[in-house]
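**Q** Before we start, here is the structure in question, set down as structure tokens.
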Amino acid sequence: MSMLIKFIAVSIASGTPILFGTLGEIITEKVGHLNLGVEGMMAIGACAGFMAGMSTDSFVIALLAAFAAGALSALLYAVLTVTFMANQNVTGLTLTIFGVGLANFCGYYAIGKSETGTLKLPEGITSQMRNVNIPGLSDIPVIGPLLFSYNPFVYIGIAMAFILWFYLHRTKTGLNIRAIGENPAAADAAGIKVTKWKYINICLGGGICGIGGAYTIMIINKGVWISDCVGGLGWIAVALVIFASWSPVKAIFGSVIFGALRQLKYYVPAAIAIPGAFYDMLPYLITTIVLIATSIKMSREKSQPQSCGINYFREER
């Protein structure tokens, strides 16, 4: 039982960066934009958060820097696709290439300036990212390890999922956003500022992705700079949007499942002779199966917003 509890706890922590990427993409697609640049925005967020943490020794400033960097990269995507109506798929893919390349370049340049040849966050900031220990609650058998023993990112991600669900489904602004995603021309005719809300939510989604990138470098890599630190998690996040049916709350459970797949190789008995490469491949294999299964049968309420991927030209309405 203790091994199972530990596996679930590790799965939740491992799936958290995927959760951030998924939430960012959900809020972006809800206004009708398919941004395939999640991997790039996460990489830029990782770089900005790491460099800000190195400079300030502050977890909060590092978090804000990661959010701002992700939002700025998404702003670039928004300018190209909303204002200049560039192809969304091509722009997103370009953003991924640009983001990963820029992050690797900045890291390589910073390492070249380092006396030790490596980059590691100082103890002052890594201590702020350790698992939270709540007196009394963290010591409760079973419940304590499952609910009260994670790093701050995990709680931020779960809280953000519920906040975004409330924002989309229980506020007037959320209703307007969903209307834009389904039919921007009708929303425009109803007096909703389509361009304004597209920009706001695309940038918000990019900022959330940036926080997910900061998680990879600060938690998964334990504060040590490694090139290509995101390692494909952004692509899993894009697929998880479909798995979660564009629901922020369902994204929590989906991220835990994919987090478990990423950690499975460390908990399978050594007697089972399966190559490690199979476990590395497993999340992407399951992603493919999920995409095929969900595309076969998807109800209208749980499907992609109708205008997603289609640029809106006001004069054509």
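The values are calculated or read from the model by the stated rules, or taken from the named source; none is laboratory data. Computed from a prediction, not measured in an experiment: that's the story for all the values here. Every residue, glycine as well, gets a Cβ built from its backbone with ideal geometry; the counts of neighbours run over all protein chains shown. SASA here: full protein model, heavy atoms, side chains in, ligands and nucleic acids out. Shrake-Rupley method; radii C 1.70, N 1.55, O 1.52, S 1.80 Å.
**Q** Which percent of the accessible heavy-atom area of the stretch 178-273 goes to carbon and sulfur, probe 1.4 angstrom?
**A** On the way: 2370 of 3610 Å².
Reported share for carbon and sulfur atoms: 66 percent.
**Q** To the nearest 20 debye, what charge dipole does the stretch 137-231 have about its Cα centre, counting +1 at the Cβ of each Lys and Arg and -1 at the Cβ of each Asp and Glu? Show your work: numbers first, answer last.
**A** On the way: 7 positive and 4 negative charges, 73 e Å.
Roughly 360 debye, rounded to the nearest 20.
**Q** How many nm separate the modelled label positions at I310 and I274, each set 7 Å beyond the Cα in the direction of the Cβ?
**A** 4.2 nm
**Q** Among the listed pairs K198/K250; K222/K250; K120/K265; K196/K250; K172/K196, give every one whose C-alpha distance is greater than 21 Å. Mind showing how you got there, number by number?
**A** Numbers: K198/K250 23 Å; K222/K250 28 Å; K120/K265 27 Å; K196/K250 27 Å; K172/K196 15 Å.
Checking Cα-Cα distances, K198/K250; K222/K250; K120/K265; K196/K250 exceed 21 Å.
**Q** Before I look further, what does the stretch 88-196 give for accessible area per residue, probe 1.4 Å, in whole square angstrom?
**A** Working: 6160 Å² over 109 residues.
For the stretch 88-196, the solvent-accessible area averages 57 Å² per residue.
**Q** Show me 184-193, 138-147 ranked by packing, highest mean number of other Cβ atoms within 10 Å first. The partial results should precede the final answer.
**A** On the way: 184-193: 15.5, 138-147: 13.9.
The densest-packed peptide leads the list: 184-193, 138-147.
**Q** If I stretch the segment between I8 and A186 completely, what's the gain in nm (0.36 nm per residue apart, minus their alpha carbon distance), one decimal? Can you show the working numbers first?
**A** Values: separation 178, 0.36 × 178 = 64.08 nm, distance 4.49 nm.
Value of the extension gain: 59.6 nm.
**Q** What aspartates and glutamates does K6 reach when the alpha-carbon gap must be under 13 Å and sequence neighbours fewer than 8 apart in one chain are set aside?
**A** Straight-distance partners of K6: none at all.
**Q** While we're here: Mind checking the full-extension length gain between N87 and Y155? Use 0.36 nm per residue of separation minus the Cα-Cα distance, one decimal, nm.
**A** Working: separation 68, 0.36 × 68 = 24.48 nm, distance 3.57 nm.
Length difference between fully extended and current span is 20.9 nm.
**Q** Which whole DSSP H helices in the chain pass both tests: a Cα extent of 20 Å or more along the axis and a mean Kyte-Doolittle value no lower than -1.0? All intermediate terms of the calculation are to be shown ahead of the outcome.
**A** Details: long enough: 2-29 (39 Å, 1.27); 38-56 (26 Å, 1.17); 59-78 (28 Å, 2.26); 88-113 (37 Å, 0.75); 152-169 (26 Å, 1.69); 194-215 (32 Å, 0.68); 248-263 (23 Å, 0.96); 276-296 (31 Å, 1.47).
Span-like helices here: 2-29, 38-56, 59-78, 88-113, 152-169, 194-215, 248-263, 276-296.
**Q** When every alpha-carbon pair in the stretch 1-160 is counted, what percent end up more than 19 Å apart? Don't skip to the answer; put the middle values down first.
**A** Numbers: 7983 of 12720 pairs.
That tail contains 63 percent of the Cα-Cα pairs.
**Q** Ordered by packing density, taken as the mean number of other Cβ atoms within 10 Å over each peptide's residues, highest first, how do 244-251, 117-124 rank?
**A** In descending order of packing, they fall as 244-251, 117-124.
**Q** Just the projected area, averaged over all directions, of the convex hull on the alpha carbon atoms of the chain: how many nm²?
**A** Details: hull surface 72.9 nm².
That works out to 18.2 nm².
**Q** Given charges of +1 on the Cβ of Lys and Arg and -1 on the Cβ of Asp and Glu, with all other atoms neutral, how large is the dipole of the chain about its Cα centre, in debye to the nearest 20? List each step's numbers first, then the result.
**A** On the way: 20 positive and 14 negative charges, 119 e Å.
Here the size comes out at about 560 debye.
**Q** Ok, one more. Over the stretch 13-160, what percent of the accessible surface lies on carbon and sulfur atoms, probe 1.4 Å? Present the calculation step by step, with values, prior to reporting the outcome.
**A** Values: 4470 of 6150 Å².
Its accessible area is 73 percent carbon and sulfur atoms.
**Q** Report the FRET efficiency, 1/(1 + (r/R0)^6), for I200 and I140, where r is their Cβ-Cβ distance and R0 is 25 Å, rounded to 0.05.
**A** On the way: r = 41 Å, r/R0 = 1.64.
With a Förster radius of 25 Å, E is 0.05.
**Q** Oh, and also: Between M281 and Y108, what length in nm is gained on full extension when 0.36 nm per residue of separation is reduced by their alpha carbon distance?
**A** Working: separation 173, 0.36 × 173 = 62.28 nm, distance 2.78 nm.
59.5 nm is the gain from fully extending M281 to Y108.
**Q** Moving on to the next point. If I histogram all Cα-Cα distances within the stretch 186-317 using bins 10 Å wide from 0, what percent of pairs lands in each bin?
**A** Per 10 Å bin, starting at zero, the Cα-Cα P(r) for the stretch 186-317 comes out as 9, 30, 32, 18, 7, 2, 0 percent.
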